[in-house]
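Quick note: the coordinates plus some simple rules give every number you see, no bench work behind them. Note that the structure is a prediction, hence the values are computed from the model and not measured. Positions of Cβ are generated from backbone atoms using ideal geometry, with glycine treated the same way; all protein chains shown enter the neighbour counts.
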């Protein structure tokens, strides 16, 4: 089916084109919805610093909502001892039966690699965790983290390298996000009960504030949800078939080869291989062969 229901919904949805990539800035395009005092905008809004202290963290929420898109964000993570903290970038629809796609960076003990925790919720169902050990120092400079979401699949990228794909398998009874518009979020918060070594290492507040930095937010290839707007998307996303742009993008042979290399070398956890959680049968999306949808 390849997400036919999502394409039908897209044709009926009321959408408007997103502006040029260079036109975005955090101060104008986001609201600080939690910990406003710990969210600082620099360089005329082109850079955002989110801080965590013993009183609060911080969260930014995009003013626009989107139904499908590619969301790119450069992040430089907390330097030094960051145990107990989580720095995140995600899209979420909200509500009890929400759709959500997560990048969550679990704070580390100095000298140990950062662990990236990813999860995907569709129609309120999550528990699709995959974790990766980053192959670079994410505190030394900025790296680009991307979420591509179209009616066919969700693909997560780091610096253009695919690390995870979640295909539209609605034909097999697996819910896939096609109907609920999402906000884009960036946040930092305390999760010492589980974030570092399963919660064994707690947050050292003497090192606060913990600061993560964000820049170059890009949604030039996306569809803004606007009940009064036109049925049109930017960046080759418009129309029933997506015009051959990002709306129809899927994994090619080279992308699958690259993703498998990342999995073999840097994957730390995959729910699709956890027989303790699933002793009898893995979730449906884990056992559908590639190329059957």
May I ask you to derive the relative contact order of region 116-156, considering only C-alpha pairs under 8 Å and at least 6 residues apart, and to give it as an integer percent?
25
Computed FRET efficiency, Cβ-Cβ of residue 79 and residue 216, R0 22 Å: what is it to the nearest 0.05?
0.70
What percent does the relative contact order of region 86-231 come to when contacts are Cα pairs within less than 8 Å and at least six residues apart?
21
Given the rule -39500 (n - 2.57) for each run of at least 4 DSSP H residues, summed and divided by the residues of the chain, what is its mean residue ellipticity at 222 nm, to the nearest 500 deg cm²/dmol?
-3000 deg cm²/dmol
Arrange 274, 102 by Cβ neighbour counts within 10 Å, fewest through most, would you?
274, 102
Point-to-point label distance, residue 135-residue 33, nm (Cα→Cβ direction, 7 Å offset):
3.5
Whole-Å distance, taken between Cα centres, linking region 36-90 and region 92-143:
13
Quotient of Cα Rg and 2.2 N^0.38 Å for region 31-92, N being how many residues it contains
1.21
Just need log10 I(q)/I(0) for the chain at q = 0.07, 0.09, 0.14, 0.17 Å⁻¹, Debye formula, equal scatterers on the alpha-carbon atoms, no solvent, rounded to two decimals.
-0.26, -0.43, -1.07, -1.52
Residue 63 and residue 202 label points (each 7 Å along its Cα→Cβ direction) are spaced in nm at 4.2
Applying 1/(1 + (r/R0)^6) with R0 = 30 Å to the Cβ-Cβ distance of residue 109 and residue 172, what FRET efficiency is obtained, to the nearest 0.05?
0.15
Mean Cβ neighbour count within 10 Å, used as a protection proxy, ranking 193-204, 78-89, 255-266, 28-39 highest first
78-89, 28-39, 193-204, 255-266
Calculated FRET efficiency, residue 159 and residue 97, Cβ-Cβ r, R0 35 Å, to nearest 0.05?
0.60
Mean separation of Cα contacts under 8 Å, 6 or more apart, over the residue count of region 4-287: relative contact order %:
28
